[in-house]
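**Q** Let me begin by handing over the structure; questions about it come next.
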Amino acid sequence: MTDVATAFVPGHITGFFTKDADPDPTKAGSRGGGLTLSDGVTVTVHPSDHPETYLGGDPVEMGAVDRVLDALDVSAQVRGVTDLPLGSGFGVSGAMALGTALAANAAFQRKLSERELTTIAHGAEVQAGTGLGDVVAQARGGAPIRLEPGGPQDNELDGIPARSRVEYHVIGQLSTDDVLADAGDQLTQAGTRALSMVVGEPTLDTFMRAARQFSREADLITPEVRDVILDVSDAGGTAAMAMLGQTVFALGTGLSDAGYDPEVCQIHPCGATLEEPGG
C-alpha cells in the first residue's frame, strides 16, 4: 500500500442524453454525446481510519465517492481540487467517483483494471442519482458518443474525431437528481433523435445543432440560458446548454464574440489518468 495516489479526470459537458433504467446500476445509464474538457478534477486519496471527502478544501457529502470506497473495501480521505462548479453540468460528481476509484486502486494496490474501476464508479454514480453517463465518457476522453447505456462492459462507445477550443459561461445550478427523477419519455425520445443526428454525421457542428435541438425538445432549457444562446447566435456563433446545469457552452470564440467573459479550455484528448507520484 502506498501513502497517497492522485488521479486527474477531465470535466464532461453532456449535450444530449437518454435515460435508460435497469435494476443493475452498472447496466443502467444513458446514451448520448458530450465533450470532455481540459478543465477537470484532481482527486487525491490518502488511506485513513477516518474517511472524509473534501472538494476545494471543504467537507462534502458525495454518495458516489462513498460507494466507490465501499466497493473497493477501503477507508480513505478523498480530496478533490477543481475550478469547475458543482451542479452546473460539468460531471464533477462523476469525476470525483472515477478519480477516487483510480487513486484508491493505486493507493491500496487493489490491482483492478481501468474497465473494472470505471464500472464501479459508473454504478456508484447511478446509485447516487448524480449522473448517468459522465463516468464512461470521462474514462474515454475526446468527444465521446455513448451508443448504449451502462458501464464499459455494456456501453458501446464511439466518438467525434476532432478537437476544439471550448468556452463556457455558468449562470447557475440545476439538481441532476430532481431532473432525472422527473424525466419521462419526452426526454429519451429527444435524446434518441439527437444521437441519431450525430451518428449520421459525426462532426462538432452537428453535435452543437443536436444539443440545441435536444434542450428545446426535452423542455430543459431555461429562459436565462436561452437568452445567452440567442446572444451567441446573433453574433454569428453556435452555443448550447450543458446537461444538467444552467451553463452555456460554445466552440471557438462564440461566447467571447457575443460580449461575454467566458472560461476557456480545450476538448481533452484522453481520458482519466493516474498522475506520477510527486508530479
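**Q** Given a Förster distance of 22 angstrom, what is the FRET efficiency for GLN186 paired with SER164, based on the Cβ-Cβ distance and rounded to 0.05? Please list the in-between numbers first.
**A** Values: r = 30 Å, r/R0 = 1.36.
It comes to 0.15.
**Q** Here are a few candidate values for Cα Rg over 2.2 N^0.38 Å: (1) 1.09; (2) 0.95; (3) 1.01. Which one was actually calculated from the structure I just gave you?
**A** Answer by label: (2).
**Q** With all protein chains present, how much of the accessible area of the chain (probe radius 1.4 Å) comes from carbon and sulfur, to the nearest whole percent? Walk me through the numbers on the way to the answer.
**A** Details: 5290 of 11620 Å².
That fraction is 46 percent.
**Q** Just how far, in whole angstrom, is the range 60-116 from the range 28-45 if you go by their alpha carbon centroids?
**A** 12
**Q** Here is a further query. Counting only the backbone N, which residues of the range 76-96 are under 16 Å from the spot 7 Å out from the Cα of ASP49 toward its beta-carbon?
**A** 76-77
**Q** How long is the gain from VAL264 to GLN153 if the chain were fully straight, where each residue apart is worth 0.36 nm and the alpha carbon distance is subtracted?
**A** 36.6 nm
**Q** Still on this structure, I have one more. By how many nm would the segment from SER113 to GLU276 grow when fully extended, if each residue of separation counts as 0.36 nm and the alpha-carbon distance is taken off? Could the numbers behind the result be given before it?
**A** Numbers: separation 163, 0.36 × 163 = 58.68 nm, distance 1.75 nm.
Length gained, SER113 through GLU276: 56.9 nm.
**Q** Averaged per residue, what accessible surface does the range 204-262 expose to a 1.4 Å probe, in Å²? Don't skip to the answer; put the middle values down first.
**A** On the way: 2320 Å² over 59 residues.
Normalised by residue count, the accessible surface of the range 204-262 is 39 Å².
**Q** Can you bin the range 148-279 into rounded, prolate or oblate? Criterion: square roots of the alpha carbon gyration tensor eigenvalues sorted a ≥ b ≥ c, rounded for a/c under 1.5, prolate for a/b above b/c, oblate for the rest. The partial results should precede the final answer.
**A** Details: a/c = 1.39, a/b = 1.06, b/c = 1.32.
In terms of gyration-tensor shape, rounded.
**Q** The chain: longest stretch without exposed GluC sites (Glu not before Pro) (DSSP loop, at most 15 other Cβ within 10 Å), sites themselves excluded?
**A** Working: sites that count: GLU61, GLU156.
Value returned for the longest uninterrupted segment is 157-279.
**Q** Give me the percent relative contact order of the range 177-270, please, defined on Cα pairs under 8 angstrom at least 6 residues apart.
**A** Numbers: 86 pairs, mean separation 18.4, N = 94.
Relative contact order, the range 177-270: 20 percent.
**Q** Using a Förster distance of 30 Å, how high is the FRET efficiency between ILE171 and GLU61, based on the Cβ-Cβ distance and rounded to 0.05?
**A** Efficiency at R0 = 30 Å is approximately 0.75.
**Q** Also, I was wondering about something else. Considering only protein heavy atoms, what per residue accessible area in square angstrom results for the range 6-69 with a 1.4 angstrom probe?
**A** Details: 2330 Å² over 64 residues.
The answer is 36 Å² per residue.
**Q** Let me ask another. Can you figure out the FRET efficiency of LEU230 with VAL4, using R₀ = 51 Å and their beta-carbon distance, to the nearest 0.05?
**A** In this case the efficiency is close to 0.60.
**Q** Sort the range 28-131 into rounded, prolate or oblate with this rule: let a ≥ b ≥ c be the square roots of the eigenvalues of the Cα gyration tensor; rounded if a/c is under 1.5, and if a/c is not under 1.5, prolate when a/b is larger than b/c, oblate otherwise.
**A** Values: a/c = 1.62, a/b = 1.20, b/c = 1.35.
It comes out oblate by the Cα gyration axes.
**Q** As I understand it, the dipole of the chain uses +1 on the Cβ of Lys and Arg and -1 on the Cβ of Asp and Glu, about the Cα centre. Which of SER75, LEU147, GLY32 lies farthest toward its positive end?
**A** Farthest towards the positive end: LEU147.
**Q** What does DSSP give for the range 46-92 in terms of the percent of beta bridges that are antiparallel, rounded to the nearest 5? Intermediate results must be reported in sequence, preceding the final value.
**A** Details: 4 of 8 bridges.
The answer is about 50 percent antiparallel.
**Q** Could you size up the charge dipole of the chain around its Cα centre, putting +1 on the beta carbon of Lys and Arg and -1 on that of Asp and Glu, and report it in debye to the nearest 20?
**A** Working: 17 positive and 39 negative charges, 131 e Å.
It comes to approximately 620 debye.
**Q** What does DSSP give for the chain in terms of the percent of beta bridges that are antiparallel, rounded to the nearest 5? Display every interim value, and only then the final one.
**A** Numbers: 43 of 47 bridges.
Looking only at bridges with both residues in the chain, the antiparallel portion is about 90 percent.
**Q** Roll a 1.4 Å probe over the protein chains and send me the accessible area per residue for the range 75-153 in Å². Please list the in-between numbers first.
**A** Numbers: 2350 Å² over 79 residues.
Averaged over the residues of the range 75-153, the accessible area is 30 Å².
**Q** Let me ask something else. Is there a quick way to get the dipole size of the range 143-279? I mean about its Cα centre, with the Cβ of Lys and Arg at +1 and of Asp and Glu at -1; what is the value in debye to the nearest 20?
**A** Working: 8 positive and 22 negative charges, 73 e Å.
Charge dipole of the range 143-279: 340 debye, to the nearest 20.
**Q** At 222 nm, what helix-only mean residue ellipticity would the chain give, in deg cm²/dmol to the nearest 500, using -39500 (n - 2.57) for each DSSP H run of four or more?
**A** Details: 9 runs with 101 residues, N = 279.
Value at 222 nm, helices only: -11000 deg cm²/dmol.
**Q** State whether the range 222-269 is rounded, prolate or oblate according to the following rule on the C-alpha gyration tensor (a ≥ b ≥ c being the square roots of its eigenvalues): a/c under 1.5 gives rounded; otherwise a/b larger than b/c gives prolate, and the remaining case gives oblate.
**A** Oblate is the answer for the range 222-269, as a/c is 1.5 or above yet b/c matches or exceeds a/b.
**Q** Also, I was wondering about something else. How long is the gain from GLN77 to THR42 if the chain were fully straight, where each residue apart is worth 0.36 nm and the alpha carbon distance is subtracted?
**A** Details: separation 35, 0.36 × 35 = 12.60 nm, distance 1.38 nm.
The span from GLN77 to THR42 would gain 11.2 nm if fully extended.
The values are calculated or read from the model by the stated rules, or taken from the named source; none is laboratory data. What you are looking at is a predicted structure, and each value in this text was computed from that prediction instead of being measured. Positions of Cβ are generated from backbone atoms using ideal geometry, with glycine treated the same way; all protein chains shown enter the neighbour counts. We work out accessible area using only protein heavy atoms, side chains counted, and drop any ligands, DNA or RNA first. Shrake-Rupley method; radii C 1.70, N 1.55, O 1.52, S 1.80 Å.
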